[in-house]
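One structure is given here, and the rest of the page talks about it.
The values are calculated or read from the model by the stated rules, or taken from the named source; none is laboratory data. None of the values given here were measured: they were computed from a predicted structure. Quick reminder, even Gly has a Cβ in these numbers, built from the backbone with ideal geometry, and neighbours come from all protein chains shown. Remember, those area values only see protein heavy atoms, side chains included, never the ligands or the DNA or RNA. Shrake-Rupley method; radii C 1.70, N 1.55, O 1.52, S 1.80 Å.
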Amino acid sequence: MVQAMGDDDDDNGGTASEETENEQEAPTDEEENGDDVNGETDPEDNGGGEEPAMEDEVPDFEDIATDTFSLMQSAESLRLDLEGDFWGDEAEDFGAVPGETQQAVITGEPGGNLWMSFEMLGTDVEILDVGTTAYMPAETFLGIAELTAPPEFQDLDFSTMAADLDGYWMDAGEPLGIDIAELTQDFDLDEIPDAMGGTTSGELSSHDGQDVWVYSYEDEGEMMELAVVADSSEPYLVYVEGIMDGEEAYMGFSDWNSAEIPDEPSPDQTMSEAEFESYLMENM
């Protein structure tokens, strides 16, 4: 909890004669500017600027939930960092171990392009979804080809090929069907206090160098914690994490309205699967 700083003491403890003497002596230029006679700045003087704004206390979450939710709904873009067992029963299909934590990053515009990166089959996978088509960097296809290549192809110079294919994309087929708005506009923050046992009070903390208000709840093995930017005018959501039904999950929010999403590649930047396979054959 942010504590208010002590009030300035206007009484300097001087005697009447001292006050009279001070009235008779005109202040020097240095004293008027907040400097003492030795040229040192008065530590209580801020150079004439305004005092920085400081939140006196951490508001209850129920008092800012509506504003936080509104900011989420109106966001033009954002980045999500996800951690959890989000592959579920299909984990093995993605080269993951069922029940273990996986990580993914999603950057997108509500109703617009979406950029997703995660690990699959031991290699980094990146997908650009433009709504009608999904694309993968050709290097991603090459990385998967390297991992799945039969022994007789393991001696290929994949690093050189990766340099050749840098900047090229491949049509990955059907779009992912994910709209980042589904993760923001349908995020019902009003239900969180109930999910947290009615706890709405928080405390000031720091997350990645940023001041945040943290609201947390823990009971009988279940836990939920969320943080928002410590700014009552723009309390953007920073993260939500928890343990529910024995499963851990984390969702971090950042780059509000400033996330960078790749543009759809031009035709001269794309390769068909046949062209990719032809390139591989030429370099075998």
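A few points about this structure:
- Of the residues making up region 230-240, not a single one is surrounded by 15 or more Cβ atoms within 10 Å (Cβ to Cβ) and over 18 Å from residue 60 (Cα atoms).
- Scanning region 256-284 for residues that are closer than 30 Å to residue 73 by Cα and surrounded by 13 or more Cβ atoms within 10 Å (Cβ to Cβ) yields 256, 259, 261, 262, 264, 265.
Table: residues versus (1) of a type in the set (A, V, I, L, M); (2) without any contact (Cβ under 8 Å) to a residue 12 or more places away in the chain.
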position: 257; (1), (2): no, no
position: 262; (1), (2): no, no
position: 267; (1), (2): no, yes
position: 273; (1), (2): no, no
position: 281; (1), (2): yes, yes
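The rows are residues; the columns are (1) part of a loop (DSSP other than H, G, I, E, B); (2) in contact with a strand residue (DSSP E or B) (Cβ under 8 Å, 6 or more places away or on another chain).
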| residue | (1), (2) |
| --- | --- |
| 201 | yes, yes |
| 206 | no, yes |
| 217 | no, yes |
| 232 | yes, no |
| 239 | no, yes |
| 261 | yes, yes |
| 268 | no, no |
| 276 | no, yes |
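- Verdict on residue 173 being at pLDDT below 90 and under 27 Å from the mean Cα position of the chain (by Cα): no
- Inter-residue pairs, beta-carbon under 6 Å, first farther than 11 Å from residue 116 by Cα and open to solvent by less than 20 Å² (accessible area, probe 1.4 Å) and in region 127-143, second modelled with pLDDT of 85 or more and hydroxyl-bearing (Ser, Thr, Tyr), 6+ apart: 138/168
- Conditions (1) modelled with pLDDT under 90; (2) surrounded by fewer than 15 Cβ atoms within 10 Å (Cβ to Cβ): number failed by residue 209: (1)
- Flag if residue 163 is at pLDDT below 85 and part of a helix (DSSP H, G or I): no
- Qualifying residues in region 95-125 (those that are in contact with a helix residue (DSSP H, G or I) (Cβ under 9 Å, 6 or more places away or on another chain), in a strand (DSSP E or B) and modelled with pLDDT under 90) - the one surrounded by the fewest Cβ atoms within 10 Å (Cβ to Cβ): 124
- Those residues of region 214-229 which are of a type outside the set (D, E, K, R) and either open to solvent by 20 Å² or more (accessible area, probe 1.4 Å) or under 16 Å from residue 256 (Cβ atoms) (or both), in sequence order: 216, 217, 221, 223, 224, 226, 227, 228, 229
- Taking the listed residues 254, 272, 278, the one that is modelled with pLDDT of 90 or more and hydroxyl-bearing (Ser, Thr, Tyr) is 254, with no other qualifying.
- Tally of residues being part of a strand (DSSP E or B), surrounded by fewer than 19 Cβ atoms within 10 Å (Cβ to Cβ) and more than 13 Å from the chain's Cα centre (by Cα) across region 242-253: 5
- Set side by side, the residues 152, 139 differ, and just one is at pLDDT below 80, assigned to a helix (DSSP H, G or I) and not polar (S, T, N, Q), which is 152.
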